[in-house]
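Q: This is the structure, below, for whatever I ask next.
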Amino acid sequence: MEVKIADTVIALVKGDITEESTDAIVNAANSRLMGGGGVDGAIHRAGGPKIMEECRKIGGCATGSAVITTGGGLKAKYVIHTVGPIYKDGDHQEPELLESSYRSSLDLALDKGLKSIAFPSISTGAYGYPVEEAAGIAIKTVLEFVSAHKGLALIRFVLFSEADLKTYSQILAKLTK
Ligand code: ADP
């Protein structure tokens, strides 16, 4: 599914984000930037040790913030590492922090002059965020961002399962109709 808002295409696809050739891919990292399972592990495996070397120099990243490294051996030139919230009950600033993760990543991409960026479904794996709620926040934040800022030509969500793709697609359709 794909929509165009002002100058930006927002596209939803099912796939493996490590294979994306957008200028940057976003990593759902942890606050120590030490790698791990899920999409984080996949990105470090596919991109090689250079990304971890840069992460070590940066040292860490607060929840809701984002930092940038090169893409190592990936097709994407950069990896934007953001730390989403660990979901407890929705009453511990999880929505604000998740929104901040998406916004900080988009801000970084724009500051760097990048034209395209790919996001995974931040926080909905090991961090336990219910996917419908997380998708609503993700899509809403991206839509608000592209209405307020020019510069990004393409924002892709690369969802790992058919079910997640369907959830994100339904929400994008609803929020843009
Ligand atoms: P978090 O700790 O932020 O929850 P996870 O990596 O555990 O991050 O999960 C986030 C989402 O990324 C989940 O939907 C998971 O299925 C998905 N995912 C895992 N590997 C990949 C990949 N290679 N490409 C895209 N998405 C992935």
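A short reminder: the numbers here are calculations on the coordinates, not readings from a lab. Keep in mind it's a predicted model, so treat the numbers as computed, not measured. Please note: Cβ atoms are built from the backbone with ideal geometry, for glycine as well, and neighbour counts cover all protein chains shown.
Q: Per-residue ellipticity at 222 nm for the chain, helices alone: DSSP H runs ≥ 4 residues times -39500 (n - 2.57), over residue total, nearest 500 deg cm²/dmol?
A: Using -39500 (n - 2.57) per qualifying helix, the result is -13000 deg cm²/dmol.
Q: Which of Y78, Y127 comes first, and how do the rest follow, when ranked by fewest Cβ neighbours within 10 Å?
A: Y127, Y78
Q: Sorted from largest down, what three extents in whole angstroms do the Cα atoms of the chain have along their principal axes?
A: Computed over the Cα atoms, the extents are 44, 36, 29 Å.
Q: V131: net charge of surrounding residues, Cβ under 11 Å, Lys/Arg +1, Asp/Glu -1, itself excluded? Can you show the working numbers first?
A: Working: positive: K166; negative: E132, E133, D164.
Here the count lands on -2.
Q: How high is the relative contact order of region 1-139, in percent, counting Cα pairs under 8 Å that sit 6 or more residues apart? The partial results should precede the final answer.
A: On the way: 250 pairs, mean separation 36.3, N = 139.
26 percent.
Q: For the residues H81, H44, H149, H92, what sequence is obtained by ranking on other C-beta atoms within 10 Å, fewest first?
A: Details: H81 26, H44 22, H149 15, H92 12.
Sorted ascending by nearby Cβ count, the order is H92, H149, H44, H81.
Q: Go through region 63-153 and name the trypsin sites (Lys or Arg not before Pro) that are in a DSSP coil and have 11 or fewer other Cβ atoms within 10 Å of their Cβ. Write out the running numbers ahead of the final one.
A: Details: sites: K75, K77, K88, R103, K112, K115, K140, K150; in loops: K75, K77, K88, K112, K115, K150.
Sparse-neighbourhood loop trypsin sites (Lys or Arg not before Pro): K88, K150.
Q: Still on this structure, I have one more. Where the only charges are on Cβ atoms (+1 Lys, Arg; -1 Asp, Glu), what is the dipole of region 12-138 about its Cα centre, to the nearest 20 debye? Intermediate values should be presented prior to the final figure.
A: On the way: 12 positive and 16 negative charges, 128 e Å.
Roughly 620 debye for region 12-138.
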